[in-house]
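K.L.:
Structure below; questions to follow.
The values are calculated or read from the model by the stated rules, or taken from the named source; none is laboratory data. The structure displayed is predicted, hence computed values, not measured ones. Every residue, glycine as well, gets a Cβ built from its backbone with ideal geometry; the counts of neighbours run over all protein chains shown. Ligands, DNA and RNA are excluded from the accessible area calculation, which covers all protein heavy atoms including side chains. Shrake-Rupley method; radii C 1.70, N 1.55, O 1.52, S 1.80 Å.
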Amino acid sequence: MTIALFVVLLLAGTAAVIAPLARRPLAWPADPPDQRDDVARAVSSLRDLEFARAAGTIATEDYVRLRASLERDAFVRRPPESRGNAPVRTLVAAALIAAIAVAVAVFYLPPSVGDRAPGETVTGTVPQTDALAALEVRASANPSDVPTQLALADAYVQAGRPQDAIPRYQAVLAKDPSNVAALDGLALILVASGSDDGAIVAADRVIAQRPKDPDALFVKGLALYRKQDWNGAVDVWTVYLDVGQYHFGSDMVRGLYADARTKAGR
């Protein structure tokens, strides 16, 4: 995960919440408590906890205990407040952007985590400009080397250059149209950039080969949810939650899944 990409998505989520409030001269009417609000607040703590686990700076038993506590608190029902909250639609927008940001973070952070000396950030010494440059040279010298092209595409994403990663994934797919790694990487970039239709196409190509691929099911469900295809999102996420109970996005999807079921009347 690149810090730059995460910051952009986080700022977009903040803007989605603040902008409607800034335009409104009067207080919002009362709105029932929404679990997704708690999920959005818990996302930051969960992300930091995952970073600490990946970097090896937290004991396993502490990680398990803290994660269980954060997940439990995210879904605790709170009594209604006397003052109204922001509209549900703004909370949904913020939760979606937070979900995408965490998805990108967890998907791309583990390969980039290096050894961490005292005082260093949790991502250690990565990214390394020299390593990326060397990878670019190797990829240019061996354009038909699929593993190298995929490694360079992933490195571009980690370096905050998803637009440079896209043509690399596409080059791999030109040689191997069924390459799951390239399709999953491309789908995640597309859904993070708001290209829901393109993300669905890429995810469907993975699902055609692997009907229970958690990454593809996660992306497709999220894209369908944003398109307000409630039944479609429920159908995809029903399979996802069955096979991806330990997938990085499962805890966030559960709240959105329940909302989609309600809106679909299911």
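K.L.:
Taking the alpha-carbon distance from Lys263 and a cut-off under 17 Å, which lysines remain once sequence neighbours fewer than 8 residues away in the same chain are dropped?
P.N.:
Within the straight-line limit of under 17 Å, Lys263 reaches these lysines: Lys227.
K.L.:
Please work out the ratio of the alpha-carbon Rg of region 206-266 to 2.2 N^0.38 Å and round it to two decimals.
P.N.:
1.00
K.L.:
Gain in length, Val180 to Ala141, computed as 0.36 nm per residue apart minus the alpha-carbon separation, to one decimal in nm?
P.N.:
Length gained, Val180 through Ala141: 11.7 nm.
K.L.:
Semi-axes of the equivalent ellipsoid for region 163-228, please: Cα gyration tensor eigenvalues, times 5, square-rooted, ordered largest first, whole Å.
P.N.:
With the √(5λ) rule applied to region 163-228, the semi-axes are 18, 14, 8 Å.
K.L.:
Which whole-number value in Å² is the accessible area per residue of region 176-219, probe 1.4 Å?
P.N.:
Using a 1.4 Å probe on heavy atoms only, each residue of region 176-219 averages 38 Å².
K.L.:
When the Debye formula is applied to the Cα atoms of region 129-260, each taken as the same point scatterer, what base-10 log of I(q)/I(0) results at q = 0.10, 0.11, 0.21 Å⁻¹?
P.N.:
Cα-only, vacuum Debye calculation for region 129-260: -0.35, -0.41, -1.13.
K.L.:
Beta carbons within 10 angstrom, averaged per residue: use that to sort the peptides 192-200, 151-159, highest first.
P.N.:
Top of the packing list down: 151-159, 192-200.
K.L.:
Once you list every other residue whose beta carbon is under 15 Å from the beta carbon of Gln209, what net charge do they have if Lys and Arg are +1 and Asp and Glu are -1?
P.N.:
-1
K.L.:
Now for a different question. What relative contact order, as a whole-number percentage, does region 197-249 give when Cα pairs under 8 Å and 6 or more residues apart are counted?
P.N.:
Answer for region 197-249 is 33 percent.
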